Amino acid sequence: MSGQLFDELSKALATGASRRHVMRLLLASVTGGALASRFGTAWAASCAPLAQFCTQHGERPCCPDGICLPVGFNGAMLCSQACQTDRDCAALAPLGLPNCQNGYCSA
């Protein structure tokens with residue numbers, strides 16, 4: 001690091017911020033955190049995790065790591081994940097989706 005760059009960095013760190021600037025940053029941080037927690041919680045509660053019931057075009061879509069696929073003949077839909085072999089579905093086997101069929105884990 002050159003001496004001039006070090007001097008500029010030292011001056012920038014040593015210069016105090018005004019109370020107004022600090023209050024603006026604090027208010028923006030609190031507001032941003034509150035909005036993020038509110039909308040993040042609402043989104044998380046509305047999506048279905050893997051191996052849970054979902055609606056393909058409705059009020060309970062799969063969370064981003066899944067895709068809503070039909071299971072059985074009764075019209076039920078479950079969230080699944082992409083796969084290439086049955087080993088890719090090992091984590092979903094206890095949840096009832098142990099087989100890789102047509103590129104997705106299924107029953």
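Please treat every number below as a calculation from the coordinates, not as lab data. Every value quoted in this text rests on a predicted model; they were computed, and no experiment measured them. Ideal geometry is used to build each Cβ from the backbone, glycine not excepted, and the neighbour counts take in all protein chains shown.
Quick look at the numbers
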quantity	calculated
Count - residues of the range 52-74 that are surrounded by 14 or more Cβ atoms within 10 Å (Cβ to Cβ), under 17 Å from Asn102 (Cα atoms) and of a type outside the set (Val, Ile, Thr)	3
Residues being surrounded by fewer than 19 Cβ atoms within 10 Å (Cβ to Cβ) and hydrophobic (A, V, I, L, M, F, W, C) - total across the range 75-97	6
Strands (runs of 3 or more DSSP E) contained entirely in the range 68-107, each with at least 3 residues that are closer than 26 Å to Gly58 by Cα	77-80, 104-106
